[in-house]
Structures are given as structure tokens and as C-alpha cells.
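Scroll down for the structure; my scribbles are underneath it.
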Amino acid sequence: MSILIDKNTQVLVVGMTGREGANHTKAMREFGTQVVAGVTPGKGGLTHEGLPVYNSVRDAQANHQIDCSIIFVPPAGAADAVLESAHAGVPLIVLITEGVPTIDMMRAVQEVKQLNAVSLAEGGKGIRLIGGNCPGLVSSGESKIGIMPNKIYSEKGRIGLISRSGTLTYEAAKLLGDAGLGTSTTVGIGGDPIIGTTFADVLPLFEADPETDAVVVIGEIGGADEEAAAEYIKNHMKKPVVAFISGRSAPKGKRMGHAGAIIMGNVGTPESKLAAFADANVPVADTMPQIIDLVKQVLNK
């Protein structure tokens, strides 16, 4: 079992004929992901790598079952692309694009939440947005909807992984695989200030997944998502959780790579995150390799 996606998930690529969309469509198909079609306005009726291209998500839906859309659209149009999928009722939307204007993301995230509530109230599947500025998600050995390196995720494991950082996601998954632990599902939630899905949104899914034995949370300085995750873990999680916080040694005032890595007053500091995880009895690794030692320790308790 996996969370959010599996080998049967059928995927629509929005922006498939662009450079990034084309490259990652090819990589996702090589992984085994069921990519069924693409969307590029003005190119409807064409084919790309043997797949049909449509002018809109609605057009694609008329011909295919769409379980998830992944969006490779430039920042200026990315939020509108999210809302096109959301209004079409696509239950899972993955926004890869980095640099989407914050005001656009605020509008998109708020509207997706409203559409999700309506869908659930009407007995539907709901609508979930992951990202933006994220690497996507992958259920090892089953399906990849994102830009992660394929070879790291070929073997299924039993550790859930959630991360704000794309690169550290790959490194942690590689370390877990090399240690014989592996990953069940990996979710890159993104490093922007406004994102669709948080740590606290994903943790209940891993808690309910019978094939996940423990969870690794990779956070960073800035924002308050890690503190919210710690609060959820303290009050609801029975499975063990291990954390890592990147940027802990960054000089004060140093501009970090992620737009969401902003410290305001005492909110988002390394100290506040470490204190929150300590209160939730979550061990925090000082280095990436130490994650493995801590995971083994919590599994053996």
C-alpha cells in the first residue's frame, strides 16, 4: 500500500510539450507511471511521444480518467493552471513550478480549499494541491509524479518521507535505501511560503498506512510548519517520527535559497523548531547520515 498514488494512478501533464514537461514526462513513463495525456493550449489534437495533447483539462477529461495532474507551467500562469485542474475536479494536483507570485498562490490555495470542501460535502474524493516549488511525490516501485531521480526509488521500503527541500529529499531517500530501510511514499511539499499541503496534512496519511513503519520529516528554518507538525505528532501520532532541520547553522540575516525560509521575530527559528520536536518526543538528527541511526533506534524501541 502507498499513500496518495499507486501503480494505477492515471496522470495528466499540464505543459507537457515544454522542455521541462517533456523531459519529466519521459522520465515518469520510464519509472512506470501511467501518463495518459498532456495539455498545452493551442496544441490540442497533436501527439507527443505517442500521447495525445489537449487544449484544456476539460478536453482531456472527456477522453481519459484523470486521477492527478502535474503542472509544468511558467510562474505567471501556474496558479491559473492549478485552478483549471481544481475546477475540473482533478483530485490530486502537483505544482512543480518555482517562483509563483505569492499573491497568486494565496488565491489558488484558498480556492482549492473551498473546492475541496465542496467536493467532500458532495461525497467526492476532495481536491488536494501539493506544492508549488516542490519535486512532487513518489511511491517507490509503483508511481512517480514529479522530478525525483528514478533509480533512488526503484525498491519499495517502509519509511514515509516528507520534505520541504527537493535535494535533501533525494539524499534522505538514498540513505534510507542504502541502509536497507527504503521509502514507502515520499512527498515533497515545497519550500515556498504558501503551499497547498503541509507536514501536518501528510502525517495522518502515513499514520493510517499499514506499510509505513516510521516517518522522516525534513524541515528547514523559517515558517511554522515544523512546529505545527510537532503539535500533530504529540497529540495524534503513534508511529515513530524522526526529524532533520536544515539551515540550523545559517548566520542570522543570511538569505536562504527557499522563499519560505524566512525567520520573523521568534517564529521559525531553529530553537523554536527543536523545542517543538523535543516536546513531541521526536529525535532530531544533527546530520543527514544520523537520520538512519535515529530511524533504526526508534524502530527497535
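Note on region 211-230: residues that are at pLDDT 95 or above and open to solvent by 10 Å² or more (accessible area, probe 1.4 Å) amount to 1.
If you go through region 19-72 and pick out every residue that is touching a residue at least 24 places away in the same chain (Cβ under 8 Å), over 25 Å from the mean Cα position of the chain (by Cα) and assigned to a loop (DSSP other than H, G, I, E, B), you end up with 4. Determine whether Gly160 is crowded, with 21+ Cβ neighbours inside 10 Å, in contact (Cβ under 8 Å) with a residue 60 or more places away in the chain and at positive phi. So Gly160 fails the test. Which condition number does Ala208 fail, the rest of (1) of a type in the set (A, V, I, L, M); (2) crowded, with 19+ Cβ neighbours inside 10 Å; (3) out of contact with any Lys or Arg (no Cβ under 9 Å at 6 or more places or on another chain); (4) farther than 27 Å from Glu84 by Cβ being met? Condition not satisfied by Ala208: (2).
Answer yes or no as to whether Ser272 is part of a loop (DSSP other than H, G, I, E, B), in contact with a helix residue (DSSP H, G or I) (Cβ under 9 Å, 6 or more places away or on another chain), modelled with pLDDT under 95 and not charged (D, E, K, R). Considered against the rule, which asks whether it is part of a loop (DSSP other than H, G, I, E, B), in contact with a helix residue (DSSP H, G or I) (Cβ under 9 Å, 6 or more places away or on another chain), modelled with pLDDT under 95 and not charged (D, E, K, R), Ser272 comes out as no. The sole residue among Pro101, Pro41, Pro52 that is open to solvent by less than 40 Å² (accessible area, probe 1.4 Å) and on the phi < 0 side of the Ramachandran plot is Pro52.
Counting the residues of region 104-140 that are acidic (Asp, Glu) and crowded, with 16+ Cβ neighbours inside 10 Å gives 2.
The values are calculated or read from the model by the stated rules, or taken from the named source; none is laboratory data. Remember, it's a predicted structure, so these values are computed and weren't measured experimentally. Heads up, the Cβs are rebuilt from the backbone with ideal geometry, glycines too, and the neighbour counts pull from every protein chain shown. Please note that ligands, DNA and RNA were not included when accessible areas were found on the heavy atoms of the full protein model with its side chains. Shrake-Rupley method; radii C 1.70, N 1.55, O 1.52, S 1.80 Å.
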